[in-house]
1. Students often check this: by mean Cβ neighbours within 10 Å, which of 15-25, 37-47 ranks highest, and how do the rest follow?
2. Can you pull the percent of the chain's accessible area that's carbon plus sulfur, 1.4 Å probe, other chains left in place?
3. Please compute the per residue accessible area over the chain with all protein chains in place, 1.4 Å probe, rounded to a whole number of Å².
4. Run the numbers on the chain and let me know its relative contact order in percent, using alpha-carbon pairs under 8 Å that are six or more apart.
5. Could you point to the label whose value was computed as Rg and Dmax of the Cα atoms in Å for the structure here, given (1) 11.6, 35; (2) 22.1, 68; (3) 13.4, 46?
6. How far apart, in nm, are the 7 Å Cα→Cβ label points at A10 and N26?
Amino acid sequence: MSPRLDELQAAWAELTEAAKCSKVTNFHACTRSGQPWAEDPAAVRAVAATLREFPS
């Protein structure tokens, strides 16, 4: 596996955990650049950080 794919999988694991701990049940995300946010580890981690800010 490539380091980029490893990083992306780790970011998705963070997002999954943040979603479980949050009361947020659904969200929609998009980018201004048109690039898929779900394929960018930094963007996935940013969404996870946002979910962590919501009360549990």
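1. Descending mean neighbour count gives 37-47, 15-25.
2. Here it works out to 56 percent.
3. Here the residues of the chain average 75 Å² of exposed surface.
4. Computed over the chain, the figure is 49 percent.
5. Identified label for the calculated read-out: (1).
6. 3.3
The values are calculated or read from the model by the stated rules, or taken from the named source; none is laboratory data. Everything quoted here is computed from the prediction, not taken from an experiment. When we count neighbours, we look across all protein chains shown, and the Cβ atoms used for this are built from the backbone with ideal geometry, even at glycine. Ligands, DNA and RNA are stripped out before the accessible areas are found, and what is left, the full protein with its side chains, is counted by its heavy atoms. Shrake-Rupley method; radii C 1.70, N 1.55, O 1.52, S 1.80 Å.
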